[in-house]
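Handing you this structure, nothing more for now.
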Amino acid sequence: MLHYAAACGLGLLAGGAFAWVWLRVVPAGTNRRFWSAMSGLTREMLQVEETGAFLRLYRRLGGLLAKYVARNLGGAALGCVPMIAILLTVAPLVFSAWDARAPRLALVPAEAANLVTVPAARSERTGYCATDGYCALFAALDFKVVRLESAPSFNYVVARADHGDSNPLWPFLSDIEAAFFAAFILATLMGLLWPHKRRS
């Protein structure tokens, strides 16, 4: 239970940090101002008759859209930095400590038992992949990646600690990892909606 509390706490911290950074890069009212300006420019474009004036308005519209998209992408990228930092430093300690207490090691699918070498340590998450897509996915999820050279019947095989996990993303995410990301999403939404509620 302590491990779950730590994972949820880290998720809440990461989500709160994402919302805080996002609101600094994309301040409240940005969307309203953008759509208001977009609507005004569109009305002007529909009314103008000169080609030169139309092209000037079109360039303004393109600049407005580019600035809006860049600001939102920048907010998302910078907002993810705290979460990535947590996932690379503190979170693995919590997840590994939890996995070390697992009662068993799961192999998914079980039929691949004669194709792969199961890791000795229960805290070691191993993803065996036959395609570049699954190899990239396992690398992104911080699995030890092993390429399957001759396994035509399986695109991937996962060996990892099993606590009887039941989340929809198992075996790619354990329940404790899913709890971290759920807490992250919850804290992000609360952080982004709270300023709006406070002003209204």
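Bear in mind these aren't lab numbers, they're just calculated from the coordinates by the rules spelled out. Fair warning: this is a prediction, and the values are worked out from it, not measured in the lab. Cβ atoms come from the backbone with ideal geometry, glycine included; neighbour counts cover every protein chain shown.
Work out the charge dipole of the chain with +1 on the Cβ of Lys and Arg and -1 on the Cβ of Asp and Glu about the Cα centre, then indicate which of His3, Ile176, Gly191 is farthest towards its positive end.
Gly191
Using the number of other C-beta atoms within 10 angstrom as an exposure proxy, rank Glu149, Glu44 with the fewest first. Intermediate results must be reported in sequence, preceding the final value.
Details: Glu149 6, Glu44 15.
Starting with the residue having the fewest Cβ neighbours, the order is Glu149, Glu44.
Please report the antiparallel percentage of DSSP beta bridges with both residues in the stretch 75-200, rounded to the nearest 5. Kindly include the intermediate steps, with their values, before the conclusion.
Working: 9 of 13 bridges.
Among the beta bridges of the stretch 75-200, antiparallel pairing accounts for roughly 70 percent.
Quick check: residue separation of Ser36 and Ala5 times 0.36 nm, minus the Cα distance between them. What number comes out in nm?
Numbers: separation 31, 0.36 × 31 = 11.16 nm, distance 4.36 nm.
So the extension gain works out to 6.8 nm.
Looking only at Cβ-Cβ distances, which cysteines of the chain have no other cysteine closer than 4.7 Å?
Unpaired cysteines in the chain: Cys8, Cys80.
For Arg101 and Ala76, compute 0.36 nm times the residue count separating them, minus their Cα-Cα distance, and round to one decimal in nm.
5.5 nm
Please report Leu73, Leu105 as a ranked list, fewest other C-beta atoms within 10 angstrom at the top and most at the bottom. All intermediate terms of the calculation are to be shown ahead of the outcome.
Numbers: Leu73 12, Leu105 18.
The fewest-first ordering by Cβ neighbours comes to Leu73, Leu105.
Also, I was wondering about something else. Go ahead and estimate [θ] at 222 nm for the chain from helices alone: -39,500 (n - 2.57) per DSSP H run with n ≥ 4, summed, over the residue count, rounded to 500. Working shown, then result.
Numbers: 6 runs with 124 residues, N = 200.
After summing the helix terms and dividing by the residues of the chain, the value is -21500 deg cm²/dmol.
Shifting gears a bit: Quick one: P(r) of the chain from all Cα-Cα pairs, 5 Å bins, percents rounded to integers, in order of increasing distance.
Over the chain, the share of Cα pairs per 5 Å bin runs 1, 7, 12, 13, 12, 11, 9, 8, 7, 6, 5, 4, 2, 1, 0, 0 percent.
Here's another thing I want to ask about it. In the chain, if the dipole is taken from +1 on Lys/Arg beta carbons and -1 on Asp/Glu beta carbons about the Cα centre, which of Ala110, Pro82, Val94 is farthest to the positive end?
Of the options given, the answer is Pro82.
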